[in-house]
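Student: Got a structure for you, written out below as structure tokens; questions coming shortly.
The values are calculated or read from the model by the stated rules, or taken from the named source; none is laboratory data. Computed from a predicted model, the values in this text were never measured in an experiment. Here the Cβ is made from the backbone with ideal geometry for all residues, glycine too, and neighbour counts use every protein chain on show. When the accessible area is computed, the model is the full protein with side chains, heavy atoms only, and any ligands, DNA or RNA have been set aside. Shrake-Rupley method; radii C 1.70, N 1.55, O 1.52, S 1.80 Å.
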Amino acid sequence: MSSPAEQAQIAQSVRNGWLLSTPALIVLAFASLGPLIIVIVYSFLAPGKYGNVEWAFSLSGWRGIIYTKDIFSDEYVLADAHLAIFWRSIKLSFLTTLTTFAVGFPTAWFIATRAPKARAMWLFLITIPFWTNLLIRTYAINEVIRNEGLMNTVLLKLGLITQPIVIIYTDIAVFIGMTYVYLPLMVLPLFAAIDRFDMKLLEAGYDLYASRWQVLRRVILPIVKPGIIAGSILVFVPSLGAYVTPRVLGGGKQMMIGNLIDLQFGQGRNWPLGAALSMTLLMIVTIALLIYVRYANKETGGHG
Amino acid sequence: MNEKAANEKAVIQKNAIEARNIVKTFGVGQAAARALDDVTVEIRQGEFFTLLGPSGCGKTTLLRLIAGFEMPTEGTILLDGQDITYLPPNKRPVNTVFQSYALFPHLTVAQNVGFGLEMQGRPKAEVNDTVARMLALVKLEPLAHRKTNQLSGGQQQRVALARALAPSPKVLLLDEPLSALDLKLRKEMQIELKRLQVETGITFVFVTHDQEEALTMSDRVGVMSQGKLQQVGSPKDIYTKPVNRFVASFIGETNFIAARAEAGKVHLATGDTIDIAGLSAGGNVTVTIRPEQLRLVDKTETGAMRATVKSLVYFGTDTHCYLSLTDGSEVVARLQSPASGDAGLTPGQSVGLRAVPGAAQIVLD
Ligand SMILES: Nc1ncnc2c1ncn2[C@@H]1O[C@H](COP(=O)(O)OP(=O)(O)OP(=O)(O)O)[C@@H](O)[C@H]1O
Ligand SMILES: [Mg+2]
């Protein structure tokens with residue numbers, strides 16, 4: 001046990017610690033909570049005529065998410081366009097996460113099992129796309145998949161198709177774009193997890209009568225799960241809020257939540273609705289993460 | 001009665017593992033290296049068989065071939081008389097205790113032990129029963145629900161053993177399982193392992209480069225060097241009748257003296273003559289005598305080699321006496337320390353040296 005004098009000294013140093021970190025805490029509070037509070041406040045205000053907000057309490061922003069005023073009858077009807085956009089966002093983000101995992105896992109495994117020198121080279125190649133602006137990368141995809149683009153030109157020349165395959169400005173285009181853009185975010189955490197995986201465990205599994213499939217399911221996946229969770233979050237969250245990719249590859253028709261929010265702050269001139277939509281996005285992400293983490297934890301405990 | 005005994009003997013002598021003319025090369029072309037060079041060995045059912053040899057001699061490679069992790073370049077491996085050379089590891093009733101234990105970090109102790117049984121598709125009740133039995137066998141019941149990273153080295157070792165024993169394999173392979181433990185725990189686990197082997201009756205193939213471990217635990221020992229099996233025999237055979245210079249020097253300490261064999265007599269390079277039972281070789285030979293089989297006698301005694309004491313090292317119960325012979329070669333004699341602790345010898349003193357009858361052996365180079 002420490003003496004009272006020592007305890008006092010410890011308490012003093014704890015106080016000093018807090019005191020010293022105050023500036024950082026203030027910056028942190030302003031940077032993270034400030035914008036959030038502004039968005040929350042705006043979502044409860046009335047829209048101004050030419051954008052901006054009117055300082056009067058109103059629930060119109062929140063109501064606008066689900067109901068929209070019919071132009072002719074002035075009655076509130078279900079905003080099915082909004083709901084379709086939400087649904088598309090969740091669906092595309094989920095598919096993107098799944099696909100980046102399906103492609104990223106073998107890739108990460110391949111890299112993690114190379115010799116150290118080759119490994120560094122492969123990781124370097126994986127990160128190269130990050131050096132280019134997102135917009136440019138997305139336009140590059142556009143260049144490949146558009147009707148007169150590289151893919152269709154080659155296939156037409158080869159005589160494999162007679163009509164261009166129309167992908168551009170569809171959900172598929174958005175999905176391809178997002179998968180391409182977010183793949184590295186899946187590969188890197190998976191690589192980190194697989195790199196720590198003890199390959200002897202594979203032999204232990206085979207030795208104990210597990211088939212290849214069982215070794216994958218019962219040994220590899222549970223052990224690299226932290227990497228899978230990290231990768232999935234890193235892909236799912238930005239996918240849900242994606243803006244550039246659906247804009248360029250969805251051609252403004254296949255909107256996602258990000259584009260809808262942008263619309264409200266721009267042409268729509270309905271800032272409260274935009275703010276309410278932003279908060280909804282945040283809530284969807286939070287709920288999705290909670291479900292995911294809960295489910296992931298249960299998997300570990302439930303074996304055997 | 002006699003016939004029954006003979007039958008029993010025949011059963012005991014049946015082979016669990018038979019490796020025939022195994023060659024294993026790693027790499028191709030110029031870089032190819034022979035890890036195993038024409039190894040033939042029979043491992044009997046229910047015996048504790050040890051593969052002993054220096055680092056890099058191919059012990060692990062032979063074990064991995066039996067486990068199925070590697071395929072031989074040439075040769076066949078039989079398990080209970082059946083060819084298993086190309087059977088994958090999960091189809092062989094053979095389990096391995098890995099040197100690094102390789103326990104599953106995401107599973108509890110009990111789940112680790114039950115893993116093999118579960119993969120075999122045994123019913124849940126049977127799995128639970130066997131796991132409980134195995135945990136009792138290795139005295140780990142109180143830790144059944146711990147994660148394996150919360151265990152000490154010795155406990156992890158026991159989990160690895162229980163996990164490999166749980167599916168009742170026909171053969172258990174152990175690759176230097178004790179090398180990561182400290183000396184005291186190591187001694188304990190040696191006794192434990194031997195007990196488990198006797199209790200379960202499972203054939204153990206144990207790899208070590210510790211000759212003391214090999215001698216104390218095994219029914220039979222296979223001594224390996226440079227990919228070749230040098231000698232197989234009981235610990236006593238290997239120690240007292242080594243077939244070649246490598247085995248003689250690898251197992252215990254020994255002295256080598258150059259000699260010529262002629263007409264049933266062995267003439268040492270020192271000019272002395274000694275008797276060797278069952279002498280068959282002729283020409284230049286090497287004689288080996290263990291240090292504890294040498295006796296110091298009066299220098300005038302007839303038939304004794306003459307030697308000069310170089311130095312003395314006191315080891316408690318023993319005193320090691322380093323001597324030089326008349327041809328300049330050096331030998332060591334291990335003498336029992338007298339009660340006074342003083343052997344009555346001084347460096348530089350001339351003495352007579354004599355081997356215990358029957359102790360001198362001829363070995364091949
Ligand atoms: N996968 C491999 N590729 C190439 N060479 C190998 C491979 N495995 C083993 N070898 C070589 O085969 C020889 C025998 O190796 P092995 O691991 O069987 O030795 P060991 O007797 O188990 O040694 P130790 O006591 O150090 O474990 C060594 O020269 C080793 O370098
Ligand atoms: Mg080895």
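Student: Tell me the trypsin sites (Lys or Arg not before Pro) within the range B:104-163 that lie in a loop according to DSSP and have at most 13 other beta-carbon atoms within 10 Å.
Tutor: Answer in residue order: B:Lys139.
Student: Can I ask one more? Considering every residue in B:100-111, what mean count of other chain Cβ atoms within 10 Å of its Cβ is obtained?
Tutor: 5
Student: Another one. Quickly rank A:128-135, B:101-108 as a protection proxy: mean count of other C-beta atoms within 10 Å, highest first.
Tutor: Most protected by this proxy first, the peptides run B:101-108, A:128-135.
Student: Follow-up. Quote the FRET efficiency, to the nearest 0.05, computed for A:Leu155 versus A:Lys225 with a Förster distance R0 of 41 Å and r equal to the Cβ-Cβ distance.
Tutor: 0.55
Student: Now, a different point. Using the Cα centre of the range A:202-304 as origin and beta-carbon charges of +1 (Lys, Arg) and -1 (Asp, Glu), tell me which of A:Gly258, A:Leu273, A:Ala242 is placed farthest towards the positive end of the dipole.
Tutor: Final value for the positive-end residue is A:Leu273.
Student: Taking the Cα of B:Ser168, stepping 7 Å toward and past its beta carbon, and measuring to each backbone N in the range B:73-102: which are under 16 Å?
Tutor: Zone members listed by number: B:93-95.
Student: So for the range A:216-268, what percent of the C-alpha to C-alpha distances run longer than 19 Å? The partial results should precede the final answer.
Tutor: On the way: 640 of 1378 pairs.
Summing the P(r) tail past 19 Å for the range A:216-268 gives 46 percent.
Student: Enumerate the calculated ³J(HN,Hα) couplings along the range B:251-265 in order (Karplus 6.51 cos²θ - 1.76 cosθ + 1.60, θ = phi - 60°), each rounded to whole Hz, writing x wherever the residue is Gly or Pro.
Tutor: Each residue's phi maps through the Karplus curve to give 9, x, 8, 7, 10, 10, 10, 5, 7, 10, 9, 8, 6, x, 10 Hz.
Student: Interface B/A, total buried accessible area with a 1.4 Å probe, nearest 100 Å²? Don't jump to the answer; show the numbers that get you there.
Tutor: Numbers: alone 18160 and 18680 Å², together 34680 Å².
Chains B and A together bury roughly 2200 Å² of accessible area.
Student: Any idea what the relative contact order of the range A:4-77 is, in percent, if you count C-alpha pairs under 8 Å spaced at least 6 apart?
Tutor: For the range A:4-77, the relative contact order is 15 percent.
Student: Separate question: Within 10 Å of each Cβ in peptide A:196-206, how many partner chain Cβ atoms are there on average? Round it to a whole number, please.
Tutor: What the average comes to for A:196-206 is 6.
Student: How high is the relative contact order of chain B, in percent, counting Cα pairs under 8 Å that sit 6 or more residues apart?
Tutor: 15
Student: Label-point separation (nm) for B:Gln349 and B:His267, each offset 7 Å from Cα along Cα-to-Cβ?
Tutor: 3.2
Student: If you don't mind, there's one more thing I want to ask. How many percent of the accessible area of the range B:282-346 is carbon or sulfur, using a 1.4 Å probe? Don't skip to the answer; put the middle values down first.
Tutor: Numbers: 1660 of 3470 Å².
Ligands and nucleic acids excluded, carbon and sulfur give 48 percent.
Student: Which whole-number percentage describes the relative contact order of chain A, with Cα contacts under 8 Å and a sequence gap of 6 or more? Mind dumping the intermediate values first?
Tutor: Values: 339 pairs, mean separation 78.4, N = 304.
Value for chain A: 26 percent.
Student: Can you say what percent of the DSSP beta bridges in the protein assembly as shown, counting only those with both residues inside, are antiparallel? Round to 5.
Tutor: Of the beta bridges lying entirely in the protein assembly as shown, close to 75 percent run antiparallel.
Student: While we're here: 222 nm [θ] for the protein assembly as shown, helices only, -39500 (n - 2.57) per DSSP H run of 4+, per residue, to 500?
Tutor: Helix-only estimate at 222 nm: -14500 deg cm²/dmol.
Student: Whole-Hz Karplus ³J(HN,Hα) for the range B:62-71, in order, using 6.51 cos²θ - 1.76 cosθ + 1.60 and θ = phi - 60°, x for Gly and Pro?
Tutor: 4, 5, 5, 5, 5, 6, x, 6, 10, 10
Student: Can I ask one more? Compute, for A:Met255, the solvent-accessible surface of its heavy atoms (probe 1.4 Å) with the complete set of protein chains present, and express it in square angstrom to the nearest 10.
Tutor: Accessible surface of A:Met255 is approximately 40 Å².
Student: Something else now. Hey, what angle do you get for helix B:124-137 against the long axis of chain B, alpha-carbon based, 0 to 90 degrees rounded to 10?
Tutor: Taking Cα atoms only, the helix is inclined about 30 degrees.
Student: Moving to a separate point now. Quote the charge dipole size of the range A:1-79 about the Cα centre in Debye, to the nearest 20; the model charges only the Cβ of Lys and Arg (+1) and of Asp and Glu (-1).
Tutor: Details: 4 positive and 5 negative charges, 37 e Å.
In total the dipole reaches around 180 debye.
Student: Hey, another quick one. Using only the Cα atoms, work out Rg/Rh for the protein assembly as shown, with Rh taken as the Kirkwood radius, to two decimals. All intermediate terms of the calculation are to be shown ahead of the outcome.
Tutor: Values: Rg = 38.4 Å, Rh = 32.6 Å.
My calculation of the ratio gives 1.18.
Student: Another one. Using DSSP to define loop residues, name the trypsin sites (Lys or Arg not before Pro) in the range A:222-283 whose beta-carbon has at most 15 other beta-carbon atoms within 10 Å.
Tutor: Within the range A:222-283, the qualifying trypsin sites (Lys or Arg not before Pro) (loop, at most 15 other Cβ atoms within 10 Å) are A:Lys253.
Student: Also: Quick check on the range B:14-240: of the DSSP beta bridges with both residues there, what percent are antiparallel, nearest 5%?
Tutor: Approximately 55 percent, going by the DSSP bridge assignments.
Student: Roll a 1.4 Å probe over the protein chains and send me the accessible area per residue for the protein assembly as shown in Å². Display every interim value, and only then the final one.
Tutor: Numbers: 34680 Å² over 669 residues.
Spelled out: the 1.4 Å probe surface of the protein assembly as shown, per residue, equals 52 Å².
Student: Here's a follow-up. Over the range B:185-226, with a single point scatterer placed on each C-alpha, what log10 of the ratio I(q)/I(0) does the Debye formula yield at q = 0.14, 0.15, 0.21 1/Å?
Tutor: -0.32, -0.37, -0.70
Student: OK, next. Can you pull the mean other chain C-beta count within 10 Å for peptide B:93-99? Mind showing how you got there, number by number?
Tutor: On the way: counts 1, 1, 4, 5, 2, 5, 1.
Across B:93-99, the average partner-chain Cβ count within 10 Å equals 3.
Student: Can you return the lysines within cross-link range of B:Lys24? Criterion is Cα-Cα under 18 Å, with same-chain partners fewer than 8 residues away left out.
Tutor: Cα-Cα hits under 18 Å: B:Lys59, B:Lys228.
Student: So what J values fall out for the range B:216-229 if you push phi through Karplus, 6.51 cos²θ - 1.76 cosθ + 1.60 with θ = phi - 60°, rounded to Hz, Gly and Pro as x?
Tutor: 6, 9, 8, 7, 9, 10, x, 8, 10, 7, 6, x, 10, 7
Student: Hey, can you rank B:219-226, A:7-14 by average C-beta count inside 10 Å, highest first?
Tutor: Going from most to least packed, we get B:219-226, A:7-14.
Student: What is chain B by shape, rounded, prolate or oblate, if you read a ≥ b ≥ c off the alpha carbon gyration tensor as root eigenvalues and call it rounded for a/c under 1.5, prolate for a/b larger than b/c, and oblate otherwise?
Tutor: Taking the square roots of the gyration eigenvalues as a ≥ b ≥ c, chain B is prolate.
Student: Something else about it: Could you tell me which of the pairs A:Lys200/B:Lys139; B:Lys91/B:Lys147; A:Lys225/B:Lys124; A:Lys225/A:Lys253; A:Lys200/B:Lys184 are separated by over 30 angstrom between their Cα atoms in the structure shown? Don't skip to the answer; put the middle values down first.
Tutor: On the way: A:Lys200/B:Lys139 26 Å; B:Lys91/B:Lys147 28 Å; A:Lys225/B:Lys124 26 Å; A:Lys225/A:Lys253 37 Å; A:Lys200/B:Lys184 27 Å.
The answer is A:Lys225/A:Lys253.
Student: What's the carbon and sulfur percent of chain A's accessible surface, probe 1.4 angstrom, rounded to a whole number?
Tutor: 70
Student: Let me ask something additional. Using the beta-carbon distance between B:Ser152 and B:Thr300 and R0 = 51 Å, what value does 1/(1 + (r/R0)^6) give for FRET efficiency, to the nearest 0.05?
Tutor: Once rounded, the FRET efficiency stands at 0.25.
Student: Ok, one more. Kindly provide log₁₀ I(q)/I(0) values, in the same order as q = 0.10 Å⁻¹, from the Debye equation applied to equal alpha-carbon scatterers of chain A.
Tutor: -0.80
Student: Can you send over the carbon and sulfur percentage of the accessible area for the range B:14-240, probe radius 1.4 Å, protein chains only?
Tutor: Working: 4660 of 9270 Å².
Within the range B:14-240, the accessible surface is 50 percent carbon and sulfur.
Student: I want to verify the translational diffusion coefficient of the range B:74-210 in µm²/s; compute it with Stokes-Einstein, Rh as the Kirkwood radius over Cα pairs, at 37 °C and 0.692 mPa s.
Tutor: 212
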